[in-house]
1. Kindly provide the set of residues from the range 60-74 that are closer than 28 Å to GLN212 by Cβ and either surrounded by fewer than 19 Cβ atoms within 10 Å (Cβ to Cβ) or in contact (Cβ under 8 Å) with a residue 40 or more places away in the chain (or both), ordered by number.
2. In the range 22-76, what residues are in contact with a Ser or Thr (Cβ under 9 Å, 6 or more places away or on another chain) and of a type in the set (A, V, I, L, M)?
3. Which members of the range 60-96 meet the condition of being more than 19 Å from THR131 (Cα to Cα) and part of a helix (DSSP H, G or I)?
4. Quickly run through the range 182-198 and pick out the residues that are surrounded by fewer than 19 Cβ atoms within 10 Å (Cβ to Cβ), touching a residue at least 24 places away in the same chain (Cβ under 8 Å) and farther than 23 Å from ALA12 by Cβ.
5. What number of residues within the range 110-126 satisfy the criterion of being outside any strand (DSSP E or B) and either touching a His at 6+ places or on another chain (Cβ under 6 Å) or in contact (Cβ under 8 Å) with a residue 40 or more places away in the chain (or both)?
6. Kindly indicate whether ILE104 is under 30 Å from ASP13 (Cβ atoms) and modelled with pLDDT of 95 or more.
7. So, in the range 127-137, how many residues would count as being free of Cβ contacts under 8 Å to residues at least 60 places away in the same chain, more than 14 Å from ILE149 (Cα to Cα) and of a type outside the set (Val, Ile, Thr)?
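The values are calculated or read from the model by the stated rules, or taken from the named source; none is laboratory data. Quick caveat, the model's predicted, so the values are computed rather than measured. Reconstructed Cβ throughout: ideal geometry from the backbone, glycine too, with neighbour counts over all protein chains shown.
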Amino acid sequence: MKHIISPSILAADFANLGAEIEKINNSRAEWIHLDIMDGVFVPNISFGFPVIKYIKQYSKKILDAHLMIVNPDNYIERFGEEGVEYLTVHYEACTHLHRTLQKIRAHGMKAGVAINPHTPVHLLSEIIAETDLILIMSVNPGFSGQKFISNTYGKVAQTKELLRQKNANAIIEVDGGIDLTNASKLYESGANALVAGNSIFMSNDPINTIYQLKCE
């Protein structure tokens, strides 16, 4: 599988959002990452459907939404209506995770599961075959610009092994503190997709940074 870069729009300059989206359109990034926060599951609030609608209107990339919210089932249908292609919910936020994943797929989207840094990979054993994407958080969710947690490499390798054991084919995505110092090792550990925010949007040349992050 090729290496996928999903720039996190949360780190973009929202005063010039159209121009920021155009940079991504002109880059080799495949996805745009949408960090959706409610101030309850995580101690921060990001943006909602009006912004997603705008991004969808101008983006030429796949929309990859990461829900850091409680009660995600209440909003699944709306995310499908707004044109999101990958919808990821947190293992820690879903009481009936299997049903949530079924609902995501029923609304025409690929279903992802995210796990926080403290959550062991083995807890995904009974659900991993039902997923299209596993998102490994390499920082504590809620804020951009945090330091990468180094034991993420091991968690990525464990996820890859669990997928092999279950004969499953989910994409392994990593989110948090991603830059040119750790991208290559994450791919070597088994990651397929990397979410990067500050390292792209604070770069002097975001398009070239995206190219370098692909490590191809």
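1. Selection gives LYS60, ILE62, ASP64, HIS66, MET68.
2. ILE24, ALA29, ILE32, LEU34, ILE36, MET37, ILE62, ALA65, LEU67, MET68, ILE76, listed by residue number.
3. ASN74, ARG78, GLU81
4. SER184, LYS185
5. Just the residues of the range 110-126 that are outside any strand (DSSP E or B), to begin with: 116-126.
In the following step, the residues that additionally are either touching a His at 6+ places or on another chain (Cβ under 6 Å) or in contact (Cβ under 8 Å) with a residue 40 or more places away in the chain (or both) were identified as 121-122, 125.
Qualifying residue count, the range 110-126: 3.
6. no
7. Let us first name the residues in the range 127-137 that are free of Cβ contacts under 8 Å to residues at least 60 places away in the same chain, namely 127-132, 134, 136-137.
Still in the running and more than 14 Å from ILE149 (Cα to Cα): 127-132, 134.
Within this subset, residues satisfying the condition of being of a type outside the set (Val, Ile, Thr) are 129-130, 132.
The number of residues fulfilling the criteria is 3.
Yes or no, residue by residue, for (1) within 15 Å of ASP175 (Cβ to Cβ); (2) hydrophobic (A, V, I, L, M, F, W, C); (3) within 13 Å of the chain's Cα centre (by Cα):
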position: ILE4; (1), (2), (3): yes, yes, yes
position: ILE21; (1), (2), (3): no, yes, no
position: ASN25; (1), (2), (3): no, no, no
position: ILE36; (1), (2), (3): yes, yes, yes
position: GLY39; (1), (2), (3): no, no, no
position: ILE45; (1), (2), (3): no, yes, no
